[in-house]
Amino acid sequence: MRLPLYGGVPYKRKRIRARRALARAGAVESRCGGRMSNTIFVLNGPNLNLLGTREPEIYGRSTLADVEKLCRATAQRFGLTVEFRQSNHEGEIIDWIQQARAEKAAGLILNPAGFTTTSIAILDALFTMEAPVIEVHITNIHKRESFRQHSYVSLAARAVICGFGIEGYALAISGLASMISAKG
Ligand code: CA2
């Protein structure tokens, strides 16, 4: 089968080359030419520290430490490193979003948990990000109570992943890596 051409190079091969270059360089160019780090921030909102210890029928049996391991292993495949954090405090999450921006993180993955439906302050912080923001939910929020189905965060997200369990974090990292290398 012939691969579609993109600038004289088969598109798929060009994407693979871009990813390898990204890993070699340890940094990427942002859309407006500034240097970006090869770090992505993975932020987790309130109560996600309880993952794997309560309500396994809803959230599964994996712990947040398992999620962190999965994120690090996935990011490594793309030459990215991970700053993985969880907080029960809205202001702390906002500080971390601002830190991700100041340190020119290559992207930000956020499971806002209970702040999804309430926090205009987190939304405002996300709007300042130049790097792509990906919203992740472990569960399919659209199949749950109606109050979980509206997300302020989605207004600032380049993509939203929900319902894949913790695998959603790995999908988010892989999607983010494609977004970044597509720019490079
Ligand atoms: O599905 C998700 O990832 C959620 O963001 C999880 C939030 C919930 O408020 C959102 O509607 C959907 C809840 C996070 C709390 O996590 C717990 C995990 C285990 C036990 C208790 C809470």
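So here's what we get for this one:
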read-out: Restricting the stretch 92-184 to GluC sites (Glu not before Pro) in coil, as DSSP defines it, with at most 15 other Cβ within 10 Å; value: Glu103, Glu130, Glu145
read-out: Cβ-Cβ FRET estimate between Ala73 and Ser154, R0 fixed at 35 Å, reported to 0.05; value: 0.80
read-out: Pairwise label distance in nanometres, His89 with Lys104, each label 7 Å out on the Cα-Cβ vector; value: 3.0 nm
read-out: Inter-part distance where the stretch 54-99 and the stretch 107-182 are each reduced to a Cα centre, Å; value: 12 Å
read-out: Theoretical gain in end-to-end length, Phe127 to Glu167 [0.36 nm per residue, Cα-Cα removed]; value: 11.8 nm
read-out: Label-point separation in nm, Arg35 to Asn140, each point 7 Å along Cα→Cβ; value: 4.5 nm
read-out: log₁₀ of I(q)/I(0) at q = 0.18 Å⁻¹ - the stretch 40-165, Debye sum with one point per alpha carbon; value: -0.97
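No value in this document is a laboratory result; all are computed from the given coordinates. Here the structure is a predicted model, which is why all the values come from computation and not from measurement. Every residue, glycine among them, receives a Cβ derived from its backbone with ideal geometry; neighbour counts consider all protein chains shown.
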